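Notes follow once the structure below has been shown.
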Amino acid sequence: MSDFDRNASARWGQGVARAGRAEIDQGLRTYMLGVYNNMVVGLALTGFVALGVHMLSVTSDPSLAVAQMGKLYLTSFGAMLYGSPLKWVVMLLPLGFIFFFSFRINQMSASAARTMFFVFAASIGLSLSAVLLVFTGTSVARAFFVTSAAFAGLSLYGYTTKRDLSAFGSFLVMGLIGLVIASLVNLFVQSTAFQFGLSILSVLIFSGLTAWDTQAIKEMYFEDDDYEVATKKSVNGALMLYLDFINIFQSLLYLTGSRNE
């Protein structure tokens, strides 16, 4: 009888452990789903803003144009946005948001952090509207779908792999720092061949960072986090993956895109 009681206790204990594991797994899935949902909303917002700004910036009626860029006619809004010093503000605005977000997220409420992320995504859309002037719509769509497929596979690998990617990630961060410095140098050099090489490196580095960031975001999950902490972790994770996606997309577009003539 005592043996029966001991076995029953063991089975009951295992059942509790399984139930606890199941709750943790469900919590993790919910947390990661929140990360991806925030990221997708951010990407959608970026796309809508970029398209909207582009539509306001160009016209098919030459009589309404105040400037011309290639075969595209620019409205007064487009000329102001792309042909005046305002273009530098548009280019640097996302960088300012990143620094502000990084330093202030711990002091923000969860709702404020999510709102700031979406404002940042909109600012990226404003900045990326220029690519619709340079590249054909078909090229932009192709680069987006290729990036989406690659991102999905890389993020899935980062989520499911049992391999610790931390050492690999440290190497990628060093490469990213070098990439940023080289990109700043090329702003003055303006070398097409150099930019081509940087775009290849960018695809490789941010592809690796996608897997590493996904694993890091997964490991940030803690089942006892309250709503505020969990939500801010979710928003921060969305920002990390969003930046990986945008950088892969921009680099692929430069490498494979057909330009408007």
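The values are calculated or read from the model by the stated rules, or taken from the named source; none is laboratory data. The model shown is predicted, which means the values in this text are computed figures rather than measured ones. Here the Cβ positions follow ideal geometry from the backbone for every residue, glycine too, while neighbour counts run over all protein chains shown.
Observations
- Qualifying residue in region 131-139 (condition: touching a strand residue (DSSP E or B) at 6+ places or on another chain (Cβ under 9 Å), small (G, A, S) and over 17 Å from L241 (Cα atoms)): yes
- Residues of region 200-225 classified as crowded, with 19+ Cβ neighbours inside 10 Å, in a helix (DSSP H, G or I) and either in contact with a Phe, Trp or Tyr (Cβ under 9 Å, 6 or more places away or on another chain) or not aliphatic (A, V, I, L, M) (or both), total: 11
- Test: residue in region 84-104 that is farther than 21 Å from F249 by Cα, modelled with pLDDT of 85 or more and outside any helix (DSSP H, G or I): no
- Subset of region 226-245 [crowded, with 21+ Cβ neighbours inside 10 Å and within 18 Å of T46 (Cα to Cα)]: V235, G237, A238, L239, L241, Y242, D244, F245
- The set of residues in region 33-52 that are of a type in the set (V, I, T), crowded, with 16+ Cβ neighbours inside 10 Å and out of contact with any helix residue (DSSP H, G or I) (no Cβ under 6 Å at 6 or more places or on another chain) contains only V41.
- Residues in region 53-81 that are in contact with a helix residue (DSSP H, G or I) (Cβ under 7 Å, 6 or more places away or on another chain) and part of a helix (DSSP H, G or I): V53, H54, L56, S57, F77, G78, M80, L81.
- Residue match in region 190-198 (condition: at pLDDT below 90 and not in a helix (DSSP H, G or I)): yes
- Members of region 48-67 that are farther than 22 Å from T138 by Cβ and out of contact with any Phe, Trp or Tyr (no Cβ under 6 Å at 6 or more places or on another chain): D61, S63, L64, V66, A67
- The lone criterion from (1) within 13 Å of the chain's Cα centre (by Cα); (2) farther than 25 Å from D164 by Cβ left unmet by Y227 is number (1).
- The set of residues in region 155-189 that are touching a residue at least 60 places away in the same chain (Cβ under 8 Å) and out of contact with any Leu (no Cβ under 9 Å at 6 or more places or on another chain) contains only Y159.
- Filter result for L133 (closer than 19 Å to R259 by Cα, touching a Leu at 6+ places or on another chain (Cβ under 8 Å), in a helix (DSSP H, G or I) and modelled with pLDDT under 90): yes
- Criterion (under 26 Å from M116 (Cα atoms) and aliphatic (A, V, I, L, M)) met by exactly one of V203, V180, V185: V180
- Filtered residues of region 234-261 (kept if over 15 Å from the mean Cα position of the chain (by Cα) and either in a helix (DSSP H, G or I) or modelled with pLDDT of 90 or more (or both)): L253, Y254, L255, T256
- Residue that is modelled with pLDDT under 90, under 20 Å from Y242 (Cβ atoms), part of a helix (DSSP H, G or I) and of a type outside the set (A, V, I, L, M, F, W, C), where the choices are G153, G169, G125, G178: G169
- Hits in region 94-148 (condition: among the hydroxyl-bearing types (S, T, Y) and surrounded by 15 or more Cβ atoms within 10 Å (Cβ to Cβ)): S123, S127, S129, S139, T147
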